[in-house]
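**Q** Have a look at this one before I ask anything.
Please treat every number below as a calculation from the coordinates, not as lab data. Remember, predicted model here, so these are calculated numbers, not experimental data. FYI the Cβ positions are ideal-geometry reconstructions off the backbone, even for glycines, and counts take in every protein chain you see.
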Amino acid sequence: MQFMLLFSRQGKLRLQKWYVPLSDKEKKKITRELVQTVLARKPKMCSFLEWRDLKIVYKRYASLYFCCAIEDQDNELITLEIIHRYVELLDKYFGSVCELDIIFNFEKAYFILDEFLLGGEVQETSKKNVLKAIEQADLLQEVSTSSFSGHSVSMVGWDSETSCSSKLLEGIL
Amino acid sequence: MSDVVERTLSALPGLLGQHDPGAGPGGAGGPGRVSASSRLGSLIRSITALTSKHEEEKLIQQELTSLKATVSAPSTTLRLMKECMVRLIYCEMLGYESSFGYIHAIKLAQQGNLLEKRVGYLAVSLFLHENHELLLLLVNTVVKDLQSTNLVEVCMALTVVSQIFPREMIPAVLPLIEDKLQHSKEIIRRKAVQALYKFYLIAPNQVQHIHDKFRKALCDRDAGVMAASLHIYLQMIKENSSGYKDLTGSFVTILKQVVGGKLSADFNYHSVPAPWLQIQLLRILGLLGKDDPRTSELMYDVLDESLRRAEINHNITYAILFECVQTIYTIHPKSELLEKAAKCIGKFVLSPKINLKYLGLKALTYVIQQDPNLALQHQMTIIECLDHPDPIIKRETLELLYRITNGQNVIVIVQKMLDYLKEGQEEYAIISLVGKIAELWFIQTMNAVFSVGGDVVHSDIPNNFLRLLAEGFDDEKEDHQLRVYAVQSYLALLEEEDKLYPQKFLQVMSWVLGEYFSLVTDVDPEVILTKLHSLLKKTFVTSETKAWIMAAVTKIASHTSCSKTVDEIIQELSSSLDTCLRQYAFELKHLCEDKALMKSLLPFDASCSDLVVDASLSFLDGFVAEGLAHGAAPYKPHHQRQEEKLSQEKALNFEPYGLSFASSVSSSGVTGRQSPTGLSFGSDISGNSAETGHKETNTLKLEGVRKLWGKEGYLPKKENKTGKENEPQAVPCGSLLAGQVGEAPALRPEQGASLSEEDKEKQQLASTLFIGLGASAGVSLMGKADTATQKFKRKSKITETQQLSEEASDFQNSAASNFDPLLDTVPDNVEDSEGSVHTGLRKGSPSSSDTVEDNLAFETPQSLRKSVLDDRISANRLSQSSLFADSNIEIFQPSSSAQCESASETPLVPSLPEELEELPHSEVVGLCQSDALALHLCKVWTDDSLLLIVFVSNKTTAALHAVNLILESATSHFPVIEAQSVEHCQKCVRMNKVCTQAILPASVSYQSEMETCLEFSVTLSLMDFIRPMEMTTEDFGKLWLSLSNDVKQNIKMSPCQDSLSAALDTLQQKLKLHRVDVIGNEGILACQLLPSVPCLLHCRTHSGMLALWFRSPCAALPDGLLYQCQKVMEES
């Protein structure tokens, strides 16, 4: 895999992970064009894109687009499942994950991603194992982090953007 | 893992000490939710509240300034630093530069406690790339953490190493990571393997010595570790599959276990066992089994099993199936598996799910070369996909069509591609597609045009072609690609030492090579020079062509330092008998001695630069005056000479090569007439640059030539359509087909009735697209396909003749329409036995074709056909232009061909194969015979060639061995001819030089008791190569005016055929002339000499005499035809 991008329906980047060395300028350019291209596609269209010399696999979960660039020989369908497994992991970790969780806790989303995909390759496919690894590291955090608050608190001020708080996996599983 | 927990818990008091005592643990929301009221939270929320990009920028800049102050303040605690890092990551994600924080991220990873370290490492991996200089500062931290007793720290270090690590520092951590391969925790082992994989990717030689450790990892008791090692193996096998064949067994065993569900349920994904692992293994197996029957043998079982197991209707199983299919088509084929895989592809293609359909198309594209039948099975789906609303599907479909492009469908496919381009959205797609079109269409077409059309093509065609190549389109990149492709294709063509190419084609090649050789960087100019040198030595190369070659040599020489080949060429040609070449050699020699002059004279890619031309040739005035004073004849302009020439009947055609050029030649007396680029810088080399420049421009004819090819390929012009306004042009095939729905004969009854108009159109489109993919599957649609294409062809022929009549520059057009018939002849010869029958039949003769076509059925096995095709395509694409343009004789092998069996069953009475029977043909006549053998000949007059069918019958009661038939230069060999049986071979003949009669020497030798050889000959008449030519009266008129060679003759009409119509009837029937029109006592007729030299005839009756007036671009043709006319008129 070359990179993974998460962005919202409004085109706001929520997460980016690059597995190939690129300059910041290129990254920005790719992100901008790709977000545009993907957002322009209609819902019934194919999840795969041939874009520049890359293959793009994307899927929308509620308000969030997950988008991966893979190499030519890579399997598109399994990449879709990678995305799905990642969403499942997020869902399990956050408990009915929504875009807001990822916005406010993006570093957690990165930690989970790093346990699941390493250097662009799938590292651990077992949901249980990934979460175990994360929880072990989090255990420290639980104790040490001072400011905790509930899900409901983090929603304050977001009522207008209800789409951000809709569950990513709702209606899918 | 419990020990980790214990250890970390023991460290907790210390950790807790660092935190604000005021904040109590919350934890209501779930694991690790961060408050929206934190600094990050408020930042995020204030950004969301903003309305304009400008405001956002201001806010972020503000935030960054405050962050900068905070992180660089010495009093900042690590905990605060951690929070700052998170905010920095956020700002970077929004696209704002925050490089001031990078060094602090590294510090945080180095100094922080576990939590801070975790964020520090994350920030490093997000901020830096692997060549970043700051990364070196991380190495020490990583080394320290790798040695830590805390598993979490080790994990973090391994995670960051697997993502980014400076290549040159690998040795510093490698031993530590190797140690971790023996770690008791599988997660550590797995990450260690993954780190090694990263090292292998960035510096393969650094991990060369630990290959045995990879093997150990492959055998790890934990499936996760094993799976991680597969990444390394996949990479290594990609690079060198032969080194790992011994592991095939292991991979197969692992896959068997996975498929059989032997892994722990942890690895299941939606109840499918370890799909990622399966796919990885399938890919590895594909690479190992490629082109290796023995290795492939080992995996057939498990592939079969995988296909069988993947049955649940879930995306993940489709992913596995797709990979399986790819593997099956990659490895050495096994028919049983291929069948199943094909079925799978069918499932994909027919699936209503768009993703699966896309992959189905992709798989079809992948397998199309191996199995064109599969595409035929799905042709209707493919047609539907062509109009799919999703451009991605469309594009994939075009990709698929690109792979099946052949001579018969190229026009339709290119049209479809152009349609797609017109909708064009994305630049990248357009570039790649245009490249394909250019490849498919332009260079290949022109190659075919030049090689088949040979020297009969008008000199403007190559000139315009070169002009186009030189001027290019609007897109630099595209031009570059096109030129590179041209150079490469010509180099490949010249690779075949003994091929004979038409002179014009050689000229084009040498120009392109001379002009653009430097674009192809991987070829040494010396290699090109050697090739050109060997061409120069060939006897068949005319001195005109040699002049072109020399110009190319000069150009190449100017860009290379001293070359041995150039010196040799100079040496050889300096003593050449040809003054022109000698002069070139001297020029080259002088130029080589003065490199600076050479460089300035021959700048790279300057063929398009404007040069100041003294068109009035005023600098020659003195010379002319001097000449006149010495009694030279005054100069006559070209048209005046032309008129004078026309007034003398049967004058030879001295039409000069280039108009303005000729005038410069005649006045300056330099022999530069043959120069392709006009680089004849003789005596006035240093002085008169204007003259050199003049010539340079001349040859390419840059001025006043209409642009016929644009970015989208050929631009059809209105003028062409004169008199045919309602008729569609040759290119827009969609509309052509649409127009024919009505008139086309009904489909096979059971289909036809129920089909809607739209479906019919689709079917027609299908048949035009998939034409030539051949074999039985296509038959159902064949009837329709044939009529469509036939009409299509006729039309294109008409356009072709029209174009012949047009102004010189219009000859570009015939390049477009010529293509169809021309390329058609290629597959003819290529597929020969079936192929020629196929196309021949389709086109048929005007009288019988339509009825014949419906009866078509090809039973010949696909494999035979394919192999023949493959072998021949490369060999014959550019066949020599001797009399036997395509000297291949195809033998019907008894084992593989249906026709042959039928031939052998018929004892000794030679009869044409069924397919040929339907074509116009001569009677089977005996050629010669001996005690053992009898030879018979039958001529088949196909639309575009003459086929000679030679029957060899064995009259004896014993089998004859080693029968060799030599016809002209081609030999066909029959290993065995059974007793009392007939074999036949066929040969396509083309007339190269017009003559009324030609005799081909031939012989047959065979082995009975002793070697016997029979000599015989085949007599060919001009009439064998004459075909009617359809055209309208207007076209006739135009063409007539443009032709210069004419022959007039009055012949007496016998009393029985005193009327004009009777005379025309005779000519039409006996000479295969096409009657264009009859007006009063005048009649006009048209015919063509294959491949496409027209000859027009005007007849007028007056007082018992028939006045015949022929015109043709070829001087000898009218004479020959006149002779034939006289003969038939006397006979009747």
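**Q** Once label points are set 7 Å from the Cα along Cα→Cβ at both B:SER575 and B:LEU50, what is their separation, rounded to one decimal in nm?
**A** 8.4
**Q** Could you list A:LYS108, B:LYS340 so that the one with the fewest beta carbons within 10 Å of its beta carbon is first and the one with the most is last?
**A** Result, fewest neighbours first: B:LYS340, A:LYS108.
**Q** Moving to a separate point now. Mind checking which of B:LEU1043, B:SER1017, B:VAL994 is farthest towards the positive end of the stretch B:988-1057's charge dipole, using Cβ charges of +1 (Lys, Arg) and -1 (Asp, Glu) about the Cα centre?
**A** Going by the Cα projections, it comes out as B:LEU1043.
**Q** In what sequence do B:VAL925, B:VAL1004 fall when counting other Cβ within 10 Å, fewest first?
**A** Listing B:VAL925, B:VAL1004 from fewest to most nearby Cβ atoms yields B:VAL925, B:VAL1004.
**Q** Hey, got a sec? Which GluC sites (Glu not before Pro) in the stretch B:1003-1079 land in a DSSP loop and have at most 11 other Cβ atoms within 10 Å?
**A** Here the GluC sites (Glu not before Pro) that fit, given the DSSP loop and packing criteria, are B:GLU1009.
**Q** Cα centroids of the stretch B:258-280 and the stretch B:1094-1132: how far apart, whole angstrom?
**A** Centre-to-centre distance over Cα atoms comes out at 83 Å.
**Q** Per q in 0.22 1/Å, what log10 I(q)/I(0) does a Debye calculation on the alpha-carbon atoms of the stretch B:172-212 return?
**A** -0.66
**Q** Which whole-angstrom value gives the distance between the alpha carbon centres of the stretch B:930-953 and the stretch B:76-96?
**A** Here the answer is 87 Å between Cα centres.
**Q** Here's something else I'd like to know. Pop out the ³J(HN,Hα) list for the stretch B:515-520 in order, Karplus 6.51 cos²θ - 1.76 cosθ + 1.60 with θ = phi - 60°, rounded to Hz; leave Gly and Pro as x.
**A** Listing the rounded values in order: 7, 10, 4, 6, 6, 8 Hz.
**Q** For a quick check: sort B:TRP511, B:TRP276, B:TRP941, B:TRP1040 by the number of other beta carbons within 10 angstrom, fewest at the front.
**A** In order of increasing Cβ crowding within 10 Å: B:TRP1040, B:TRP941, B:TRP276, B:TRP511.
**Q** With each pseudo-label sitting 7 Å past Cα toward Cβ, what's the B:TYR96-B:LYS589 distance in nm, one decimal?
**A** Taking the simple label geometry, B:TYR96 and B:LYS589 are separated by 7.6 nm.
**Q** Let me ask something else about it. Let's test the formula: R0 of 25 Å, r as the Cβ-Cβ distance of B:MET1010 and B:GLN980. What FRET efficiency results, to the nearest 0.05?
**A** The pair B:MET1010/B:GLN980 has a calculated efficiency of 0.75.
**Q** To the nearest 0.05, what FRET efficiency results for B:HIS332 and B:LYS216 with a Förster distance of 41 Å applied to their C-beta separation?
**A** The pair B:HIS332/B:LYS216 has a calculated efficiency of 0.85.
**Q** Let me ask something additional. For the stretch B:1010-1096, what's the radius of gyration and Dmax over Cα atoms, in angstrom?
**A** Values for the stretch B:1010-1096 (Cα only, Rg and Dmax): 17.6, 68 Å.
**Q** Based on alpha-carbon centroids, what's the gap between the stretch B:338-365 and the stretch B:213-246 in Å, whole number please?
**A** A separation of 30 Å, based on Cα centres.
**Q** At a Förster radius of 45 Å, what calculated FRET efficiency corresponds to the Cβ-Cβ distance of B:VAL143 and A:GLN10, to the nearest 0.05?
**A** Calculated value: 0.55.
**Q** Only sites in a loop by DSSP and with at most 14 other Cβ atoms within 10 Å count here; which GluC sites (Glu not before Pro) in the stretch A:5-72 make the cut?
**A** Answer in residue order: A:GLU71.
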